[in-house]
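The values are calculated or read from the model by the stated rules, or taken from the named source; none is laboratory data. Treat the numbers as computed from the prediction; the structure is a model and nothing was measured. With ideal geometry, Cβ positions are generated from the backbone for all residues, glycine too; neighbour counts draw on all protein chains shown. The accessibility values were calculated without ligands, DNA or RNA, using every heavy atom of the protein model including side chains. Shrake-Rupley method; radii C 1.70, N 1.55, O 1.52, S 1.80 Å.
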Amino acid sequence: MVRKKAFVTGGSGFVGANLVRELAAQKWDVTVFHRPGSDLWRLKGLPLKLKQGSFEDPASVEAAMPKGVDAVFHMAAKVSFWRGDDRLMERDNVEATKAMVDAALKRKARRFIHTSTVSVYGFSDKRINEIFPHDGLNSHIGYLRTKAQAEEVVREGVKRGLDAVILNPSNVVGPFKRDSLARSMLSLKPGMTLKAPPGATSFAHSVEVAKAHVAAVKRGKKGENYILAGADADWVEVYSAIPKVVGVEAKVKVFPKILLQVGAQAFQALSLVTRKAPFVTPELVEWLSAKMTYDSRKAVKELGYKVRPLKDMLKDLWESLPQKE
Ligand SMILES: NC(=O)c1ccc[n+]([C@@H]2O[C@H](COP(=O)([O-])OP(=O)(O)OC[C@H]3O[C@@H](n4cnc5c(N)ncnc54)[C@H](OP(=O)(O)O)[C@@H]3O)[C@@H](O)[C@H]2O)c1
């Protein structure tokens with residue numbers, strides 16, 4: 001049997017590591033495109049080809065992409081809620097997507113699966129679905145704006161003949177995540193009090209997000225968006241589930257928004273001196289304090305996407321952490 005060829009960007013990251021494993025499990029021939037200096041620890045031991053290059057050098061992208069590749073998965077992006085990274089996000093999210101779209105058109109890629117985010121829809125107290133306006137385009141938050149602009153680049157590509165599908169995951173949790181949630185799990189001691197942000201959102205299992213990406217190659221409709229979300233929870237529920245998964249007794253309290261805002265302003269001011277990303281920013285506080293829900297029914301119906309309980313995601317994340325490996 002001839003193996004299908006996949007060209008993946010962002011494979012060294014959290015969601016990408018789940019995607020390349022799913023592709024390998026489904027016997028795809030996988031090429032991961034990464035930049036010099038990428039830490040490839042998540043890809044150790046996997047049967048894949050590595051190609052090095054830079055989105056700023058479109059010729060390197062084109063040269064790395066196999067001609068007539070069955071599917072390009074463009075997942076690489078700069079994820080940041082610090083305005084000091086806005087220029088970097090224009091480069092890594094918008095200009096990089098332009099380089100990918102151009103290369104995919106030139107190399108006659110059969111399908112282009114673009115990883116976007118639900119944040120492109122901006123803030124709303126209604127349950128967001130795929131027909132909502134992309135308010136992120138006008139957002140003052142660089143991540144929302146540049147990811148929404150990247151989608152526009154993909155839609156321009158569709159007009160030029162690109163066979164693209166756009167996937168919009170919500171907050172992804174699962175194996176290989178290494179963020180504050182993972183750190184909270186690792187540092188949890190009996191009797192501790194965990195502090196949760198005040199908002200609520202929807203959570204997606206990284207393995208199901210990866211499966212939906214692969215399913216989109218066959219089943220996704222050209223030029224359309226698919227929201228991958230599902231398990232709705234507020235942050236208190238998320239943090240309350242952690243002690244159970246880790247197996248220790250601990251309490252959870254909401255971190256009052258006003259205190260987060262004051263702290264974020266102080267960290268922001270400090271970052272003007274240090275020029276380093278603040279621990280918490282006003283933009284992140286705004287995002288984590290919002291109460292948002294998303295509708296995944298289209299992806300469930302058309303891509304076979306599965307909504308999994310939050311406790312499964314947290315358990316799978318916990319089991320992937322270093323002390324458990
Ligand atoms: N995690 C979530 O909850 C979530 C939710 C919705 C959407 N998403 C989307 O899912 C995708 C992956 O997110 P993630 O959470 O896995 O992020 P991540 O762990 O930070 O991974 C980002 C990936 O993008 C690569 N990348 C960034 N800039 C690059 C550049 N200039 N050149 C080459 N590679 C570059 C990184 O490579 P290096 O290893 O070299 O840094 C890494 O492989 C993103 O498109 C993100 O917007 C994520």
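Within the full protein context, the accessible area of residue 180 is estimated at about 60 Å² for a probe radius of 1.4 Å. Projecting the Cα atoms of 307, 317, 292 onto the dipole axis of the range 282-325, where Lys and Arg carry +1 and Asp and Glu carry -1 at the beta carbon, places 307 farthest toward the positive end. Taking amide hydrogens as placed 1.01 Å from N in the peptide plane, the amide H of residue 255 sits under 5 Å from those of 196, each at least 5 positions away in sequence or on another chain. Expressed as an acute angle from 0 to 90° and rounded to the nearest 10, what is the orientation of the C-alpha long axis of helix 235-246 relative to the principal long axis of the chain? Orientation of helix 235-246: about 90 degrees from the principal axis. Within straight-line reach of residue 218, meaning a Cα separation under 12 Å, sit the following aspartates and glutamates at least 8 residues removed in sequence or on another chain: 70, 163, 302.
Our estimate of slack between residue 56 and residue 237, defined as 0.36 nm per intervening residue step minus the Cα-Cα distance, is 61.0 nm. Name the shape class, rounded, prolate or oblate, that the alpha-carbon gyration tensor gives for the range 209-267, where a ≥ b ≥ c are the square roots of its eigenvalues, rounded holds for a/c under 1.5, and otherwise prolate holds if a/b is larger than b/c and oblate otherwise. Taking the square roots of the gyration eigenvalues as a ≥ b ≥ c, the range 209-267 is oblate. With all protein chains in place and ligands, DNA and RNA left out, the 1.4 Å accessible area ranks 163, 125 as 125, 163, largest first. Over 18 Å apart at the Cα level, from the set 159/298; 44/311; 211/306, are 159/298; 44/311.
Rolled with a 1.4 Å probe across the full set of protein chains, the surface gives residue 41 an accessible area near 90 Å². Work out the FRET efficiency for residue 137 and residue 160 from their Cβ-Cβ distance, taking R0 = 22 Å, and round it to the nearest 0.05. That gives a FRET efficiency of 0.60.
In the range 293-325, whose amide N lies under 16 Å from the spot 7 Å out along Cα-to-Cβ of residue 25? List them in ranges. Only 304-309, 312-320 fall inside the zone, counting backbone N under 16 Å. Note on the chain: helix-only mean residue ellipticity at 222 nm, from DSSP H runs of 4+ residues weighted -39500 (n - 2.57) and normalised by residue number, equals -12000 deg cm²/dmol. Shape class of the range 142-276 from the Cα gyration tensor (axes a ≥ b ≥ c, square roots of the eigenvalues): oblate, since a/c reaches 1.5 or more and a/b does not exceed b/c. For the range 121-239, the carbon plus sulfur part of the accessible surface works out to 51%, probe radius 1.4 Å. Evaluating 6.51 cos²θ - 1.76 cosθ + 1.60 at θ = phi - 60° for every residue in the range 62-67, the Karplus couplings come out as 4, 5, 7, 7, x, 5 Hz, glycine and proline recorded as x.
Evaluating 6.51 cos²θ - 1.76 cosθ + 1.60 at θ = phi - 60° for every residue in the range 106-115, the Karplus couplings come out as 5, 8, 6, 4, 6, 9, 10, 9, 9, 8 Hz, glycine and proline recorded as x. Taking amide H positions as modeled 1.01 Å from N, with prolines and chain starts lacking one, the residues under 5 Å from residue 192 and 5 or more places away or on another chain are 251. Of 119, 84, 101, which is farthest on the positive side of the dipole of the range 78-122, counting Cα position, with +1 on Lys and Arg Cβ, -1 on Asp and Glu Cβ, and the Cα centre as origin? After comparing all options, I get 101. The overall shape of the range 1-107, judged from the alpha-carbon gyration tensor, is oblate: a/c is not under 1.5, and a/b is no greater than b/c. Phi-derived couplings, Karplus 6.51 cos²θ - 1.76 cosθ + 1.60 at θ = phi - 60°, listed residue by residue for the range 13-29: x, 4, 5, x, 5, 5, 5, 5, 5, 5, 4, 4, 4, 8, 6, 7, 8 Hz, with x used for Gly and Pro. Charge dipole of the chain (Cα centre as origin; +1 on each Lys and Arg Cβ, -1 on each Asp and Glu Cβ, all else neutral): 840 debye, rounded to the nearest 20. With the charge dipole of the chain set up from +1 on Lys and Arg Cβ and -1 on Asp and Glu Cβ about the Cα centre, the Cα lying farthest toward the positive end among the listed residues 134, 281, 45 is that of 45. To the nearest ten degrees, helix 257-274 and the longest principal axis of the Cα atoms of the chain are 60 degrees apart. If a spin label sat at a point 7 angstrom from the Cα of residue 49 along the line to its beta carbon, the backbone N atoms of the range 92-117 nearer than 17 Å would be those of 104, 107-111.
When only Cα pairs below 8 angstrom with a gap of at least 6 residues are kept, the range 1-74 shows a relative contact order of 38 percent.
Over the chain, give the accessible area per residue in Å² for a 1.4 Å probe, as an integer.
That works out to 46 Å² per residue.
The C-alpha atoms of the chain define a longest principal axis, and helix 142-159 lies at about 20 degrees to it. Scanning residues 5 or more positions from residue 291 or on other chains, those with amide H under 5 Å from its amide H are 200, with H placed 1.01 Å from N in the peptide plane.
Below 8 Å, C-alpha to C-alpha, sequence gap of six or more: please give me the relative contact order for the range 188-297 in percent.
44 percent
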